[in-house]
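Notes to accompany the following structure.
The values are calculated or read from the model by the stated rules, or taken from the named source; none is laboratory data. The model shown is predicted, which means the values in this text are computed figures rather than measured ones. As a convention, Cβ positions derive from the backbone with ideal geometry for all residues, glycine included, and neighbour counts pool all protein chains shown.
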Amino acid sequence: MSENRSRILYLKQYLEEYADELHPVTLTDITAKLKAAGMDASRQTVAREIEQLTSAGVDVVCNTGKPSQYFIGDRTFELPELKLLVDAVTASRFIPPKKTAALIDKLSGFASVHQAGELRRSLYTDKQARPVGDKAYITVDLLHTAESTGKKIICKYFEWGADKKKVYRHRRQDYYFSPYGLIWNNDRYYTVGWSDSHDRVITLRVDRIAAPKLTDTPAVPRPEGFDMAFYADTVINMYDGPVRDVTLHCENSMMKHVIDRFGEDIKTRILDEQHFTARVSVPASPTFFAWVFTFGGSIKITAPEDVAASYRDMLKAAMG
């Protein structure tokens, strides 16, 4: 590599690492840095090579004055964007601690050394249920590969026993699974796809998948009319169960919770000064009933009667 090309690359790297809007550098600063790296450099040479970088699309901004000052303007990520990404990585319980640190280091590489210090901020996060290894992280990558290549995976699936040990489903049965997509919900990854064993679409929690392997077997195509968005809004949010049209009788203060759960497009009707009704399509499952119970009577199931009766039966069973 010629010295001229080597110098330009070093110049670009130096500006990206050390020069931002609040910390511009002068030609004197730049030539001193180049000379310290063993490169011949003059103010005229550096000025000319800065022009070459600008012509090549690098946004080198010049503050004219005595002396002129230079910094990188438009970066791949702006500082507020990097802060947002770092906070998202830090808050995610899915990402292992070591991987979190590694990702933040990589994100910091998109900022100057001065800005990088601002990325290492204190953010309180719920550390509960942090993974201890990279297995789930690797499984996500394998599932993406299987989906993009149209192949099945083979895996096992487990739950947790009362003794805190893994209990494999169906006596360590191998699942042949055709992934259709991944869903991120409540800080957990789920994969949706066709299970040969169940002969239907099922949902698996990624962190409970064990020993996954990519196969050469073509995946089962999505069933005709399968709607991933609808599936996510119903089965993932409320878990499996028959989807029913349910009417809820709600106090006005519950509107924020109804919208948080079902979105702004939910069908509602004002009843009186204190109440409204909401009509929702949900799996009539214990998880949905538990959500209703959370509000201590401020939300009631009024129709259909069989769903309301199932809710009452669950409450009676819970009371013993």
Could you grab me the full set of residues in the range 8-25 that are surrounded by fewer than 17 Cβ atoms within 10 Å (Cβ to Cβ) and in contact with a strand residue (DSSP E or B) (Cβ under 6 Å, 6 or more places away or on another chain)? GLU21
THR287 being in contact with a Ser or Thr (Cβ under 8 Å, 6 or more places away or on another chain), polar (S, T, N, Q), surrounded by 13 or more Cβ atoms within 10 Å (Cβ to Cβ) and not assigned by TED's automatic domain parsing to the domain that holds LYS152: no
Residue, nearest to ARG5 (Cα to Cα), within the range 40-79, restricted to residues that are exposed (fewer than 12 other Cβ atoms within 10 Å of the Cβ) and small (Gly, Ala, Ser): ALA56
Checking PHE94 against (1) part of a helix (DSSP H, G or I); (2) crowded, with 17+ Cβ neighbours inside 10 Å, which test does it fail? (1)
Would you mention how many residues in the range 151-188 are assigned to a strand (DSSP E or B), among the polar types (S, T, N, Q) and modelled with pLDDT under 85? 1
I'd like to check something: does the range 37-56 contain any residue that is of a type outside the set (Phe, Trp, Tyr), part of a loop (DSSP other than H, G, I, E, B) and under 40 Å from the mean Cα position of the chain (by Cα)? yes
With (1) over 21 Å from ASP306 (Cα atoms); (2) at pLDDT 90 or above; (3) surrounded by 15 or more Cβ atoms within 10 Å (Cβ to Cβ) as the list, and ASN237 as the residue in question, which single condition is left unmet? (2)
Could you list, in sequence order, the residues of the range 211-233 that are buried (at least 16 other Cβ atoms within 10 Å of the Cβ), under 23 Å from the mean Cα position of the chain (by Cα) and of a type outside the set (D, E, K, R)? PRO212, TYR231, ALA232
Taking the conditions exactly as written (in contact with a helix residue (DSSP H, G or I) (Cβ under 9 Å, 6 or more places away or on another chain) and farther than 16 Å from THR76 by Cα), does LEU9 satisfy them or not? no
Filtering the range 295-320 down to residues that are surrounded by fewer than 16 Cβ atoms within 10 Å (Cβ to Cβ) and within 22 Å of ALA232 (Cα to Cα) yields none
